[in-house]
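Colleague: Take this structure, written in structure tokens, and hold onto it; I'll ask about it next.
What follows is calculated from the coordinates using simple rules that are stated; it is not laboratory data. Everything numeric here is computed off the predicted structure, so don't read it as measured data. Ideal geometry is used to build each Cβ from the backbone, glycine not excepted, and the neighbour counts take in all protein chains shown.
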Amino acid sequence: MAEVRSVEIVEVGPRDGLQNEPRQLSTAAKAVYVERAFAAGATRVEITSFVHPRAVPAMADAERVAAAVHGGPGRVRSALVVNGRGLDRALAAGVDELNAVLVASETFSQRNQRMSVDQTLAEIGAMAAGAAAAGVPLGVTVACAFGCPFEGPVAEERVLDLAERAAAHGVGEVSLADTIGVGTPDRVERLVAGVAERLPGVRRRAHFHNTRNTGYANAVAAVAAGIDALDAATGGIGGCPFAPAATGNIATEDLAYLLHGMGVSTGLDLPALVDNAVWLQGELGGGPVPGQLSRAGLWP
Ligand code: COA
Ligand code: ZN
């Protein structure tokens, strides 16, 4: 662990966080959310997803969110896509980076994006070609990499095989996502190490939900295994609408507090992150957000 000096935290709250909230933010409020994240030091924010508005109504304003948030140096505006139609929309909207989703289990793949795993891999091949032609980097998130709500455990070998097949399309980053919060640190270490071994030169990212209170332990395990980037959401909001009982991502401010305490830098400004969590809590109706730091306060 001692040699790990810095980790990038990708703010995914405007996408993964807001997609699962009963209260929908206005486009203007979403743009403020993204601005606040950049102002707190984020270098990459997943600002929205270009999916079917019927599937995820909260992301129906994807084009307007992208138009409301300006780019520039040190401000990567990333967007999630699951198919070619989404890719076309995202490229037309001028986002800086794309995150495609490959679900590791067949049942969840059908429920989430109405495609088989093989169909998704073919779609990713086409999307990678389209993104490369447009000069926009595309990464792949392997969802349900630690387990599926319908099929149970997913074999580690399968996850690594899928990561390899996705990366064969020229993907620059592979993310392992614990969509339903069932991962444990030992498994995280093995999978992150496995991706490094099989895909040298590909950036590694991980995405943890704290559904069973293992999210932060998993993040530390990923850091120990040399992860390049970790996803988190302000306040710890979020979840997948297609997963029963899904709950929030690990909270950006709690994760930064934890990593800074270990001497791992993130480039994020903790007091600003706490302010953002308090602001978001207000925007979402005032109920407490799952993250703890905004309640407990900074220390020392
Ligand atoms: N954005 C907007 N419209 C889209 C679209 C997209 N990304 N993809 C497809 N459509 C449109 C098609 O153009 C078509 O329109 P038409 O009927 O006017 O011709 C219609 O939707 C049906 O297309 P089809 O490919 O059959 O879609 P589907 O009904 O099988 O749904 C997805 C597939 C992928 C579009 C849908 O399941 C989806 O958006 N899933 C995303 C889920 C998600 O975001 N999960 C959380 C994050 S991982
Ligand atoms: Zn998620």
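Colleague: Given Gly215, Gly170, which one is of a type outside the set (Asp, Glu), crowded, with 20+ Cβ neighbours inside 10 Å and within 17 Å of Thr141 (Cβ to Cβ)?
Modeller: When all the criteria are applied, what remains is Gly215.
Colleague: Here are Ala58, Ala62: which of them is more than 16 Å from ligand 2 (Cβ to nearest atom) and either more than 27 Å from Ser116 (Cα to Cα) or free of Cβ contacts under 8 Å to residues at least 60 places away in the same chain (or both)?
Modeller: Ala62
Colleague: Moving to a separate point now. Condition first: of a type in the set (Val, Ile, Thr), in contact with a helix residue (DSSP H, G or I) (Cβ under 7 Å, 6 or more places away or on another chain) and part of a loop (DSSP other than H, G, I, E, B). Now tell me which residues in the range 222-259 satisfy that.
Modeller: Matches in the range 222-259: Ile227, Ile237, Ile250.
Colleague: Going by the conditions given, is Gly261 touching a Pro at 6+ places or on another chain (Cβ under 6 Å) and more than 18 Å from Val174 (Cα to Cα)?
Modeller: no
Colleague: Which of the residues that make up the range 44-80 are assigned to a strand (DSSP E or B) and either over 18 Å from the mean Cα position of the chain (by Cα) or of a type outside the set (Val, Ile, Thr) (or both)?
Modeller: Arg44, Glu46, Ser49, Arg77, Ser78, Ala79, Leu80
Colleague: Considering only residues that are in a loop (DSSP other than H, G, I, E, B) and either without any contact (Cβ under 8 Å) to a residue 24 or more places away in the chain or closer than 27 Å to Ala193 by Cβ (or both), which ones fall in the range 260-279?
Modeller: Listed by number, the residues that qualify are Met262, Gly263, Val264, Thr266, Gly267, Leu268.
Colleague: Could I ask something else about it? What's the total number of residues in the range 1-43 that are of a type outside the set (Ser, Thr, Tyr), assigned to a helix (DSSP H, G or I) and more than 17 Å from Tyr257 (Cβ to Cβ)?
Modeller: Looking only at that region, the number is 17.
Colleague: Continuing with this model, one more query. If you check every pair at least six apart or on different chains, which have Cβ atoms under 8 Å apart with a residue in the range 69-85 that is more than 18 Å from Gly135 (Cα to Cα) first and a residue that is more than 11 Å from ligand 1 (Cβ to nearest atom) and among the basic types (Lys, Arg) second?
Modeller: That search, which allows pairs on different chains as well, returns Val69/Arg77.
Colleague: Taking the range 92-121, which residues are assigned to a helix (DSSP H, G or I) and either aromatic (Phe, Trp, Tyr) or within 16 Å of ligand 2 (Cβ to nearest atom) (or both)?
Modeller: Of everything in the range 92-121, those that are assigned to a helix (DSSP H, G or I) and either aromatic (Phe, Trp, Tyr) or within 16 Å of ligand 2 (Cβ to nearest atom) (or both) turn out to be Phe108, Ser109, Arg111, Asn112, Gln113.
Colleague: Which of the following residues is within 13 Å of ligand 1 (Cβ to nearest atom) and not in a loop (DSSP other than H, G, I, E, B): Val159, Val188, Val140?
Modeller: Val140
Colleague: Let me ask something else. Select from the range 65-91 the residues that are away from ligand 2 (no atom under 16 Å from the Cβ), farther than 22 Å from Arg36 by Cα and touching a helix residue (DSSP H, G or I) at 6+ places or on another chain (Cβ under 6 Å) and list them in ascending order.
Modeller: Asn83, Gly84, Leu87, Leu91
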